[in-house]
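Have a look at the structure below, then the notes.
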Amino acid sequence: MSIALTQTLSKISWLEPMIKAAQGENRSQNLSIIAKAIGIPLAGILVFLMIWHAAASSINTSLGKFPGPADVLIQSKTLISEHITEREKAAAFYQRQDERNARRLAQDPDYIVKIRDYTGKPTYVDQIGTSLITVLSGFLIASLIAIPLGIVIGLSANLYSAFNPVIQIFKPVSPLAWLPLVTMVVSAVYVSDDPVVAKSFVTSMITVMLCCLWPTVINTAVGVASISQDLKNVSQVLRLSWLTHVRKIVLPAAIPMMFTGLRLSLSIAWMVLIAAEMLAQNPGLGKFVWDEFQNGSSNSLGRIMVAVITIGLIGFALDRIMLLLQRSVSWDKSATLR
Amino acid sequence: MNPLLELTQVGIEFSTAKGSFRALQSVDLKINKGEYISLIGHSGCGKSTVLNIVAGLLQATEGGVVLNGKEVNEPGPERAVVFQNHSLLPWLSAYENVELAVKQVFRGKKSKAEMKAWIEHNLELVHMTHAMHKRPDEISGGMKQRVGIARALAMEPQVLLMDEPFGALDALTRAHLQDSLMDIQKELNNTVIMITHDVDEAVLLSDRIVMMTNGPAATIGEILHIDLERPRNRLQLADDPRYNHYRHQVLSFLYEKQRKTDDSLPATQPHGQVSGSQIIKENHETRAINTPAGHSHAHTPDQDKANQLKTA
Ligand SMILES: Nc1ncnc2c1ncn2[C@@H]1O[C@H](COP(=O)(O)OP(=O)(O)O)[C@@H](O)[C@H]1O
Ligand SMILES: [Mg+2]
């Protein structure tokens, strides 16, 4: 058990020397590797914080000084404590409601219990959740369209030539251009008295989808089109059916390229989402930034800066998750994954 | 006896960017069941093209191929191919690579257990049981080629087509694989067409050597019958005057009658074929172990086995 754990941990590059040092293997050498692996990036961050601090104190805006690292720290603490307070309020609300219902039931056994949802405003953490759900839905739908499309056009040179101009034209279109169109179409098509999800959510999601479709389509198609003639010959000699050919040869062969596309798509999706949420008023991080901007209090810039850093960290985390996923599905372990 | 496979007046013209290119002209060949044929000729003369036409991967412009009384128009497992660079699916283990073929060919004819036994049997024929669950990137070039042969044999083909199956291997590994192939051939007596650029390999393995003229418009120049009794042993044959006579005949065809005056090669090298300079180099290498001069490389059967595990 402990051996297996050690082995798993040592796959993380900077942990390996640490474990070895802890096990007493070549201590001084391993310690210097650790110092390098952790120390250098840490130094980079420190230098950045210093420059940021210095620059921030010399930029004056109508809302006060530009937020430095210290302001951001204070604001993130406030945002978290606001979230905790809000949750406590919600819990208290539900408790009161339960007690009230219990009392009514005791007085009148026929009373039909009504449960109302707590309607507080979404906290920062809720907004992060909304953003994640929106981006992942958009990305998922885009992938479900892009992968089959990429495979089909990758398999046929003619289809590829036919689709290529369309793809190349739509690929560079900004989400801001799509948004008005999507908003109008969603308003016209998505009419329901009791909508399952909000219109703003659908609009943001579709905009994200439209913008992040293309890298996956292109990379999948290229991956499929570059399958070696030898493997195609094998498939022909075996007389594999079209479906078996796709499942057994095309898909696995294209997986490395497909994931390159998926990772690009996800990072685009995350970038597009913030803009889409701002304009569509989807209650996520984008709306948070917009509201703070409109709000214009002395804390606003600090809070927006917290959002900026959160957006960066989440984007980074999403990419790492895709990388892990790629490593676990791809047969080509030797390919450099970055 | 009717021939199993018959090529009649086969010719092919490729349309290229610079106009049409006639690669083959009037290729006539009859092959009997159980015969082992080698195709030899300079690089770029059209050997692979002949093989691909028989495989059905290319369509002849004129003439045609008849197998067992039926015209060949498309690829199929009854004409299994062993490709030069193994062509194993890199994401499947050796076992799974053979399994893909077996499942395709014997679907509905063999039960699951029978298929498993058949896959293992074929991997055993090529001495790959010890590494059958390894993936291509975990085994050596010789082992990959063994798996490629197992995959082809497992299809129970009527004709086994091999395009320079050992071309990319070092001389020692190649010798081991040739011996394995002769053992398998003794047992199965397959009909084989093998492309080679190695004169010793051709003489050692074949019943007939088909020598092709240089392209363009290449055709069959001479056919040499090899009347050496089987089983053949490379060490004994090295001193056999008949063996040396056959070798000499092939060499004189290649380097006197069909001498390449211009050593430069065609600009296009389809399917990553070996270059012409490699032909000569490879021949020197094989000669080193096949001729008397190479006796220092002689090894006992036990060493053979050890080497096989190491090098193959
Ligand atoms: N698909 C193709 N299109 C055009 N020319 C080809 C094609 N395949 C082969 N050739 C040409 O045909 C000739 C014979 O090629 P090939 O059969 O591969 O030679 P070999 O296997 O004997 O080395 C070469 O000159 C090659 O350039
Ligand atoms: Mg060739």
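Over region A:24-174, what is the relative contact order in whole percent, taking alpha-carbon pairs under 8 Å and six or more residues apart?
13 percent
Report, please, the projected area of region A:59-182 averaged over directions, based on the convex hull of its C-alpha atoms, in nm².
Answer in nm², one decimal: 15.9.
Give the share of C-alpha pairs in each 5 angstrom bin for region B:1-145, from 0 to the last occupied bin, in whole percents, shortest bins first.
Result, from short to long distances: 2, 8, 14, 16, 15, 14, 14, 10, 5, 1, 0 percent.
List every DSSP H helix in chain A whose Cα atoms extend 18 Å or more along the helix's own long axis and whose mean Kyte-Doolittle hydropathy is at least 1.0.
A:27-57, A:124-155, A:175-189, A:199-225, A:251-280, A:300-329
Can you work out ³J(HN,Hα) from phi for every residue in region B:226-238, in order, using Karplus 6.51 cos²θ - 1.76 cosθ + 1.60 and θ = phi - 60°, giving whole Hz and x for Gly and Pro?
Taking θ as phi minus 60°, the curve returns 9, 9, 10, 5, 9, x, 9, 10, 4, 6, 5, 5, 4 Hz for region B:226-238.
Could you tell me the largest-minus-smallest coordinate of the C-alpha atoms of region A:87-143 on each of the three principal axes, in descending order and whole angstroms?
For region A:87-143, the Cα spread along each principal axis is 55, 24, 11 Å.
Just add up the charged neighbours of A:LEU63: K/R +1, D/E -1, any other residue whose Cβ is under 13 Å from the Cβ of A:LEU63.
0
Over region A:178-323, what number does the Rg to Rh ratio reach, with both radii from the alpha-carbon atoms and Rh per Kirkwood?
Result: Rg/Rh = 1.16.
In square nanometres and to one decimal, what's the mean projected area of the convex hull around the Cα atoms of the protein assembly as shown?
Seen from a random direction, the Cα hull of the protein assembly as shown projects 45.9 nm² on average.
What ratio of Cα Rg to 2.2 N^0.38 Å holds for region B:7-59?
Ratio of Rg to 2.2 N^0.38 Å for region B:7-59: 1.23.
Which lysines have a Cα less than 28 Å from the Cα of B:LYS70, not counting those fewer than 8 places away in the same chain?
A:LYS232, B:LYS30, B:LYS33, B:LYS47, B:LYS103, B:LYS109, B:LYS110, B:LYS186
Per DSSP H run of at least 4 residues, take -39500 (n - 2.57); add these up for chain A, divide by its residues and hand me the 222 nm value, nearest 500 deg cm²/dmol.
-26000 deg cm²/dmol
Taking H as built 1.01 Å from N, whose amide H comes closer than 5 Å to the amide H of B:GLN84, not counting residues under 5 places away?
Sorted by chain and number, the residues that satisfy this are B:ASP163.
Sorted from largest to smallest, which semi-axis lengths in Å does the alpha carbon gyration tensor of region A:122-174 give for its equivalent ellipsoid, taking the root of 5 times each eigenvalue?
One finds semi-axes of 34, 13, 4 Å for region A:122-174.
Is there a simple number for the mean count of other chain Cβ atoms within 10 Å of the Cβ of residues in A:233-244, and what is it?
Taking all residues of A:233-244 together, the mean is 6.
Under Stokes-Einstein, with the Kirkwood radius over Cα pairs standing in for Rh, what whole-number D in µm²/s applies to region B:44-121 at 20 °C and 1.002 mPa s?
Value of D from the Cα-based Kirkwood radius: 146 µm²/s.
Using only the Cα atoms of region A:227-311, each taken as one equal point scatterer with no solvent, compute I(q) by the Debye sum, divide by I(0), and report log10 of the ratio at q = 0.14, 0.20 Å⁻¹.
Rounded to two decimals, the profile gives -0.62, -0.89.
Once phi is turned into ³J(HN,Hα) by the Karplus curve 6.51 cos²θ - 1.76 cosθ + 1.60 with θ = phi - 60°, what whole-Hz value does each residue of region B:72-80 show in order, with x for glycine and proline?
8, 10, 9, x, x, x, 6, 10, 5
What three numbers, in Å, describe the spread of the alpha carbons of region B:153-234 along their principal axes, ordered from the longest?
Principal-axis extents of the Cα atoms in region B:153-234, largest first: 37, 29, 26 Å.
Among residues other than A:SER76 whose Cβ falls under 15 Å from its Cβ, what is the net charge (Lys/Arg +1, Asp/Glu -1)?
-1
Write down the Kirkwood hydrodynamic radius of region A:262-338, to one decimal in angstroms, obtained as one divided by the mean of 1/r over all alpha carbon pairs.
Value: 14.1 Å, from the Cα pair sum.
With +1 on each Lys and Arg Cβ and -1 on each Asp and Glu Cβ, how big is the dipole of region B:71-174 about its Cα centre, in debye rounded to the nearest 20?
So the dipole magnitude of region B:71-174 works out to roughly 340 debye.
Using packing as a proxy for protection, rank B:205-217, A:64-76, A:110-122 so that the peptide with the highest average count of other Cβ atoms within 10 Å comes first.
So the order, starting with the most tightly packed, is B:205-217, A:64-76, A:110-122.
FRET efficiency for B:ASP170 and B:GLU62, Cβ-Cβ distance as r, R0 = 25 Å, nearest 0.05?
Efficiency at R0 = 25 Å is approximately 0.05.
Collect residues whose amide H, placed 1.01 Å from N in the peptide plane, falls under 5 Å from the amide H of B:LEU39; neighbours closer than 5 in sequence don't count.
B:MET194, B:ILE195, B:THR196, B:VAL210
Report the A-B buried area as the accessible area lost on both sides summed, probe 1.4 Å, in Å² to the nearest 100.
About 1800 Å² of accessible surface is lost on pairing.
Can you check what the net charge comes to around A:PHE139, using other residues whose Cβ is under 15 Å from the Cβ of A:PHE139 (Lys, Arg +1; Asp, Glu -1)?
With Lys, Arg at +1 and Asp, Glu at -1, the net is -1.
Which of rounded, prolate or oblate describes region B:110-207 when judged by the alpha-carbon gyration tensor and an a/c cut-off of 1.5?
Judged from the Cα gyration tensor, region B:110-207 comes out oblate (a/c at least 1.5, b/c at or above a/b).
Using the Kirkwood formula on the Cα atoms of chain A, what hydrodynamic radius do you get, in angstrom to one decimal?
24.5 Å is the Kirkwood radius here.
So how far apart, in nm, are the two label points at A:LEU105 and A:SER28 if each is 7 Å from Cα heading toward Cβ?
My value for the distance between the label points is 7.3 nm.
Once you have the Kirkwood Rh of region A:113-205 from its Cα pairs, apply Stokes-Einstein at 4 °C and 1.567 mPa s and quote D in µm²/s.
78 µm²/s
How large is Rg/Rh for region B:74-155, to two decimals, with Cα atoms and a Kirkwood Rh?
0.94
Would you jot down the residues in region B:37-57 that end up with at least 40 Å² less accessible area in the complete protein assembly than in the chain alone, with a 1.4 Å probe?
B:LEU57
Using all C-alpha to C-alpha distances in region A:171-246, build P(r) with 10 Å bins and read off the rounded percent in each one.
Computed distribution, short to long bins: 16, 28, 19, 18, 16, 3.
Ignoring any ligand, DNA or RNA, what whole percent of the accessible area of region B:149-268 comes from carbon and sulfur when the probe is 1.4 angstrom?
49 percent
If r is the Cβ-Cβ distance from A:ARG116 to A:ARG247 and R0 is 35 Å, what FRET efficiency results, to the nearest 0.05?
Here the calculated transfer efficiency is 0.10.
The values are calculated or read from the model by the stated rules, or taken from the named source; none is laboratory data. None of the values given here were measured: they were computed from a predicted structure. Every residue, glycine among them, receives a Cβ derived from its backbone with ideal geometry; neighbour counts consider all protein chains shown. Only protein heavy atoms, including side chains, enter the accessible area calculation; ligands, DNA and RNA are left aside. Shrake-Rupley method; radii C 1.70, N 1.55, O 1.52, S 1.80 Å.
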